[in-house]
Amino acid sequence: PNAFTLDDDADATLSNTKTFTDVVPGAYTVTEADPTPGFDLTDLTCDPESAVVSIDVDSATAVIDIGPGQTVTCTFTNTQRGSIIVAKEALPDGSVQSFEFSPSWGPAFSLADGQSNTSDLLVPGEYSVGETVPEGWDLTSALCDDGSDPAAIGLDPGETVTCTFTN
């Protein structure tokens, strides 16, 4: 069949299923095109398993062999990426002191009072960020708005976590 588009029901104009009837028994290949930016294909299953010839999540492809009168359902699961924002607060306000940060998701960066740094889109998982405290300053708090410790930020699908460091 021709290409088609599915949705997760967020857009009422699209469906989240596509059904083909009166399919001639035989082998068929089903492939998902690249998912929407910011999403990753994280699972691909077909039921019943007896109809599966092969499944390759990396290529987003299922090869199935449909028998007479058989119904096969293939489910593609996409997971949305998230992001982490690191925000800097310094007392006194307006301080020009630069503070160095070391995140687990990318290169180090520096921030001054009132500045922030937003990560690229990240696969859900655990991340960390630490600050090197300059001489003459004290780190008085480091809090993430989701309750995570900055040393163990739990990033859920589609989540944006903001961690604020105050010196």
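The values are calculated or read from the model by the stated rules, or taken from the named source; none is laboratory data. None of the values given here were measured: they were computed from a predicted structure. So basically every Cβ, Gly included, is an ideal-geometry build from the backbone, and we count neighbours across all protein chains shown. Side chains included, ligands, DNA and RNA excluded: accessible areas come from the protein's heavy atoms. Shrake-Rupley method; radii C 1.70, N 1.55, O 1.52, S 1.80 Å.
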Open item on the list: I'd like the FRET efficiency for Asn78 and Thr160, computed as 1/(1 + (r/R0)^6) with the beta carbon distance as r and R0 of 22 Å, rounded to 0.05.
Closed with: 0.75
TODO: Mind checking which of Thr79, Val129, Pro92 is farthest towards the positive end of the stretch 29-158's charge dipole, using Cβ charges of +1 (Lys, Arg) and -1 (Asp, Glu) about the Cα centre?
DONE: Thr79
TODO: Pop a pseudo-label 7 angstrom from the Cα along the beta-carbon direction at both Val133 and Asp65 and give the gap in nm to one decimal.
DONE: 6.6 nm
Task: Cβ-derived FRET efficiency at R0 45 Å, Ser110 paired with Ala33, nearest 0.05 - done: 0.70
TODO: Please give the solvent-accessible surface of Leu121 in Å², to the nearest 10, using a probe radius of 1.4 Å with every protein chain present.
DONE: 90 Å²
Task: Solvent exposure, largest accessible area first (probe 1.4 Å, DNA, RNA and ligands not counted), of Ser50, Ser102 - done: Ser50, Ser102
Open item on the list: Just the number please: accessible area per residue for the stretch 45-164, 1.4 Å probe, all protein chains included, in Å².
Closed with: 55 Å²
Task: Percent carbon-and-sulfur accessible area, the chain, ignoring ligands, DNA and RNA, probe 1.4 Å - done: 49 percent
TODO: Work out how much length Asp47 to Asp146 would gain on full extension: take 0.36 nm times their residue separation and subtract the Cα-Cα distance, in nm to one decimal.
DONE: 31.9 nm
Open item on the list: Suppose accessible area is computed on protein heavy atoms with a 1.4 Å probe; arrange Ile66, Ile55 from highest to lowest.
Closed with: Ile55, Ile66
